[in-house]
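The values are calculated or read from the model by the stated rules, or taken from the named source; none is laboratory data. Quick caveat, the model's predicted, so the values are computed rather than measured. For neighbour counting, all protein chains shown are included, and Cβ atoms are generated from backbone atoms with ideal geometry for every residue, glycine included. With ligands, DNA and RNA removed, areas are computed over all heavy atoms of the protein, side chains included. Shrake-Rupley method; radii C 1.70, N 1.55, O 1.52, S 1.80 Å.
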Amino acid sequence: MANNNSIKTKLIYTFIAWTISGLIFFPILWTLITSFKTEAEAISASPSLFMFDWTLENYEDVLARSPYFNHFWNSIVISIGSSILGLLIAIPAAWSMAFVQTKRTKNLLMWMLSTKMLPPVGVLIPIYLLFRDFGLLDTKVGLVIVMTLINLPIMVWMLYTYFREIPNEVLEAARMDGASIGEEILYVLLPIALPGIASTLLLNVILAWNEAFWTLILTAANAAPLTAFIASYSSPEGLFYAKLSAASAMAIVPILILGWFSQKQLVRGLSFGAVK
Amino acid sequence: MATTNSRALARLMLVPSVVLLLAWMLVPLCMTLYFSFLDYNLLSPGTEEFIGFMNYEFFLTDPAFFESFFNTLLLVGGVLLITLGGGIGLAILLDQAIWGRNYVRIMVLAPFFVMPTVSALVWKNMLMNPVNGLFAHFANWLGMTPIDFFAQIPLLSIIVIVSWQWLPFAALILLTAIQSLDREQLEAADLDGAGPFSKFYYIVLPHLSRAITAVILIETIFLLSIFAEILVTTSGGPGYASTNITYLIYTQSLLQFDVGGGSAGGIVAVIIANIVAIFLMRLIGKNLED
Amino acid sequence: MGSIHLKQVTKDFGDVSVIKPIDLEIKDGEFIVFVGPSGCGKSTLLRMIAGLEDTTSGTIEIDGQDATTTPPAKRGLAMVFQSYALYPHMSVRNNIAFPLKRAKINDDIIEEKIASVAKTLNLTDYLDRKPGQLSGGQRQRVAIGRAIVRQPSAFLFDEPLSNLDASLRVNMRLEISELHKSLNTTMVYVTHDQVEAMTMADRIAVFNGGIIEQVGSPLELYNNPANRFVAGFIGSPKINFIDIEPSTIDGTCSLGIRPEHIEISTTGGQWAGKIGVIEHLGSETFLHVHVDGHDTFTVKTSGDCPFKYGDEIYLSPQKNKLLHFDATGKTLPNIA
Ligand SMILES: Nc1ncnc2c1ncn2[C@@H]1O[C@H](COP(=O)(O)OP(=O)(O)OP(=O)(O)O)[C@@H](O)[C@H]1O
Ligand SMILES: [Mg+2]
């Protein structure tokens, strides 16, 4: 009987959970569905969930407007470029904080964290002016620099927490075995920390892909990644729901997929290790 | 632990990160501070002059500042309330034995990965549009007058959108924390005859307190700087009804070209964020010790 | 070649002085064991020899060359860690090959050497496994294999067996001794374990609070400890100490007598006592005897001991085996 009862509770919980998560997911689902509708169906007063003529014309339309690929490419370059550049800078720093600890290590980490808490508007004007003067406005290079810098503290922190889990003795063993510091990092530390490095990379690609302050302020037609491009739909164009949906779908689906892979790392990375 | 050799190398390897972050933080911040004491408008370059605290005076006595300050508070507070309440509920729900838990988790998590401009646009047009939005259709179907969300309740609408984006984050962190709860504690409580409510109140909630603090502080940092959602939906309007401090400074500096005023605002924003940051750093710093 | 010569070596961590000036000469081919209580600096000194820690002052000579500031990779020493410190992402084969590859040795020779090391250590069947798929003893063997494959001038072991269970520990102990005999290479071995120290060492160095109390062969330390600390540290079960009124003749403040040097009698003797716990080990028996006015005495006797809990007996020390210590703990000549 008890068994029966527990199945009933499980059923009830399952029902509630699916309902709530369905509601939370609905706006995304709706966007995906609408992207396959015609514009007329998209704004129909009696919208249909599945019973309509599925069409790919919106995707064709959005892609036919050639800039879409540009913006997509910009997003890729900016997010992946800044993540890789960030890794190159963050790995040595994290190595040194994790394996050559000094009294200052903790303060240094906290200070890095504090830069992340600087509200962007606090430096908005100087950055804008500096970018203007150095000709970096609306360039991918400019955005890669900014993204690298704003995500650097998170990268250092995440790598640091991963590196800390690697026993020092393994690295010392490498040193005893005749490895130089470079070889020690290349052949021992990096391979062992590879999963952690991969998730750091992943999380930062996601964060950079979705960043929507500096991308909106520092770019125009040329270097705008998808965040900024999609924002242009807030003008009357946005009334073409089906096309808006198609453009949105293409912007979010890649990162949704990446995101699902990085759930666990997300917690660790975004809470700076406060929750593991 | 280490030898002179590796210590010197370690210092060298820290240099790029430290120098870059120092430059990124200090140079612009000093410039902002400097500009904030100038009468400096991008439209009339070359006429900058030192005006002391005037910019601060203007910024802090501007009714728009008060309105956007309170909007900021409401935005942060409202989103925190919704995401924490919802997050705890969801975390507990997802912690139960249910069928298809992985799929449920994926669905709950999804909004966090949607870029802010997309989520703002989707909500604005496809859900909240007073004519063609799904909510309007639904209201019509019920025989009610559709709400014009961004005209009638602009700030609340933005709160809803932002909450939708951040609920997954809160839920995920809290779920992770709940899953680390010692099951034996709960079983012991069962043996002691504790009901579900007292179990939640005396065992689960204290266990979550650290995760809850983390959620509050981290969300606050991000929520203070909400920008894209406002830009895309209401542009801060009507009037200043949905302008937060970040957006106010943006309009002042880049739309009205008032560098001095915007900078003063920026410094104020930095000070506000610092107050939050201090608490956050304490929390995380404590964590570093163990 | 593998002689190691420590001259006035010290180590400070900040303000804390962990190694007080230490002089020690380790001869080529010698098996020397560092023992001492926890935190006395054994690992620190070993790591200084390895080059993993800086030397605050003094010099470390390896094979007559000053190696004080030589980086670990260049010292030609091999180390086996307590945690084995295997490379978890590499197969056993690659773990063993790692030092050879770093030395840029040609692949064919590497293969040959791996094969011969694997044979010596019974690892041939496991060469393609990852360390995670090995038992503790096998991991230990891989760690040793990684150390011997490059024919270092000396081996450094930091409590290599402490993560193994008791029976495995005995086996590995024998294997390491065997290895020492066949390689004839210097070994510096840190341990907590009495038995390991006594059975494996050519010489034992007893550490205490950052200094070496005494260096000598196991029996030397056992029979002629330099002071009360060494007497108390070496020997299991522990030596019995008896505090006495300071002697006016030679200043003896306390005496030490090992458990096997106490005679038992039911009729009479120097101390009257009552038997407490009795530990039967089969081949021998340990009696814990409560003596009025003294601590509990541990007495070793034969396996077929007739006594039981609560029995009243008399104890007398073999006078010529009594150790005399002065007020500072230094051993005095036994004038009896
Ligand atoms: N990196 C360090 N910084 C500061 N103090 C240290 C450091 N490493 C070791 N110590 C201190 O130096 C002393 C000696 O440590 P060491 O590890 O050499 O002891 P040990 O004799 O190996 O002890 P055990 O038998 O427990 O391994 C200890 O008091 C320890 O706290
Ligand atoms: Mg030790």
Original post:
What are the residues in segment C:195-218 that are of a type in the set (Asp, Glu) and within 16 Å of ligand 2 (Cβ to nearest atom), if any?
Top reply: C:GLU196
Original post:
Would segment B:77-89 turn up any residue that is surrounded by 13 or more Cβ atoms within 10 Å (Cβ to Cβ) and either touching a strand residue (DSSP E or B) at 6+ places or on another chain (Cβ under 7 Å) or under 19 Å from A:ARG104 (Cβ atoms) (or both)?
Top reply: no
**OP:** Out of the residues in segment A:80-123 that are closer than 16 Å to A:ALA208 by Cα and among the hydroxyl-bearing types (Ser, Thr, Tyr), state the one that is nearest to the chain's Cα centre (by Cα).
**Re:** A:SER83
Original post:
From the set of residues in segment C:1-51 that are of a type in the set (Phe, Trp, Tyr) and within 13 Å of ligand 1 (Cβ to nearest atom), which is modelled with the lowest pLDDT?
Top reply: C:PHE13
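Quick one: which residue in A:LEU186, A:LEU258 is touching a residue at least 40 places away in the same chain (Cβ under 8 Å) and more than 27 Å from A:THR55 (Cβ to Cβ)? Write out each step before concluding.
On the way: A:LEU186 fails: touching a residue at least 40 places away in the same chain (Cβ under 8 Å).
Just a single option satisfies the conditions, and that option is A:LEU258.
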Original post:
When segment A:147-172 is examined, which residues are found to be in contact (Cβ under 8 Å) with a residue 12 or more places away in the chain, within 11 Å of chain C (Cβ to nearest Cβ) and either out of contact with any Leu (no Cβ under 8 Å at 6 or more places or on another chain) or not in a helix (DSSP H, G or I) (or both)?
Top reply: A:ILE166, A:ASN168
**OP:** Among the numbered conditions (1) buried (at least 18 other Cβ atoms within 10 Å of the Cβ); (2) out of contact with any Phe, Trp or Tyr (no Cβ under 8 Å at 6 or more places or on another chain), tell me where A:LEU49 comes up short.
**Re:** (1)
Original post:
Applying the selection to segment B:126-140, what residues are within 7 Å of chain A (Cβ to nearest Cβ) and within 23 Å of the chain's Cα centre (by Cα)?
Top reply: B:LEU127
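Report whether or not A:ALA42 is at the interface with chain B (Cβ under 9 Å from one of its Cβ atoms), surrounded by 13 or more Cβ atoms within 10 Å (Cβ to Cβ), over 25 Å from the mean Cα position of the chain (by Cα) and under 22 Å from B:LEU121 (Cβ atoms). Full working, then the answer.
Numbers: at the interface with chain B (Cβ under 9 Å from one of its Cβ atoms): yes; surrounded by 13 or more Cβ atoms within 10 Å (Cβ to Cβ): yes; over 25 Å from the mean Cα position of the chain (by Cα): yes; under 22 Å from B:LEU121 (Cβ atoms): yes.
Spelling it out, A:ALA42 is indeed at the interface with chain B (Cβ under 9 Å from one of its Cβ atoms), surrounded by 13 or more Cβ atoms within 10 Å (Cβ to Cβ), over 25 Å from the mean Cα position of the chain (by Cα) and under 22 Å from B:LEU121 (Cβ atoms).
Quick one: which of C:SER43, C:SER57 is within 21 Å of the chain's Cα centre (by Cα) and hydroxyl-bearing (Ser, Thr, Tyr)?
Values: C:SER57 fails: within 21 Å of the chain's Cα centre (by Cα).
After ruling out the rest, the residue left standing is C:SER43.
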Original post:
Being open to solvent by 30 Å² or more (accessible area, probe 1.4 Å) and within 12 Å of chain A (Cβ to nearest Cβ), is that true of even one residue in segment C:105-117?
Top reply: yes
**OP:** Kindly list the number of the only condition in (1) more than 16 Å from ligand 2 (Cβ to nearest atom); (2) open to solvent by 50 Å² or more (accessible area, probe 1.4 Å) that fails for C:HIS192.
**Re:** (1)
**OP:** Quick one: in segment B:172-217, of everything that is in contact with a Lys or Arg (Cβ under 9 Å, 6 or more places away or on another chain) and closer than 30 Å to B:LYS124 by Cβ, which residue is surrounded by the most Cβ atoms within 10 Å (Cβ to Cβ)?
**Re:** B:LEU172
Original post:
Within segment B:253-277, which residues are β-branched (Val, Ile, Thr) and at pLDDT 80 or above?
Top reply: B:VAL259, B:ILE267, B:VAL268, B:VAL270, B:ILE271, B:ILE272, B:ILE275
Original post:
What is the one condition in (1) more than 11 Å from chain A (Cβ to nearest Cβ); (2) open to solvent by less than 30 Å² (accessible area, probe 1.4 Å); (3) over 22 Å from B:ALA91 (Cβ atoms) that B:GLY143 does not satisfy?
Top reply: (2)
Original post:
Which members of segment B:247-261 meet the condition of being touching a residue at least 40 places away in the same chain (Cβ under 8 Å) and under 30 Å from A:LEU266 (Cα atoms)?
Top reply: B:TYR247
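For C:ILE49, state whether it is within 16 Å of ligand 2 (Cβ to nearest atom), among the hydrophobic types (A, V, I, L, M, F, W, C), buried (at least 21 other Cβ atoms within 10 Å of the Cβ) and within 14 Å of chain A (Cβ to nearest Cβ). Write out each step before concluding.
Numbers: within 16 Å of ligand 2 (Cβ to nearest atom): yes; among the hydrophobic types (A, V, I, L, M, F, W, C): yes; buried (at least 21 other Cβ atoms within 10 Å of the Cβ): yes; within 14 Å of chain A (Cβ to nearest Cβ): yes.
Yes: the conditions hold for C:ILE49.
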Subject >> Subset of segment C:147-189 that is crowded, with 22+ Cβ neighbours inside 10 Å and within 16 Å of ligand 2 (Cβ to nearest atom) - its residue that is farthest from C:PHE34 (Cα to Cα) >> reply: C:LEU161
Original post:
Would it be correct to say that A:ASN5 is part of a helix (DSSP H, G or I), more than 11 Å from chain B (Cβ to nearest Cβ) and open to solvent by 80 Å² or more (accessible area, probe 1.4 Å)?
Top reply: yes
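Only one of C:PRO88, C:PRO72, C:PRO21 is under 26 Å from A:GLU165 (Cβ atoms), surrounded by fewer than 23 Cβ atoms within 10 Å (Cβ to Cβ) and away from ligand 2 (no atom under 16 Å from the Cβ). Can you tell me which? Spell out the reasoning first.
On the way: C:PRO72 fails: surrounded by fewer than 23 Cβ atoms within 10 Å (Cβ to Cβ); C:PRO21 fails: under 26 Å from A:GLU165 (Cβ atoms).
After applying the criteria, what remains is C:PRO88.
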Original post:
Any residue in segment A:83-97 that is of a type in the set (A, V, I, L, M, F, W, C), part of a helix (DSSP H, G or I) and away from chain B (no Cβ under 13 Å)?
Top reply: yes
Original post:
Does C:LEU24 meet the test of being within 26 Å of C:ALA143 (Cα to Cα) and in the same structural domain as C:ARG173 (by TED's automatic domain parsing)?
Top reply: no
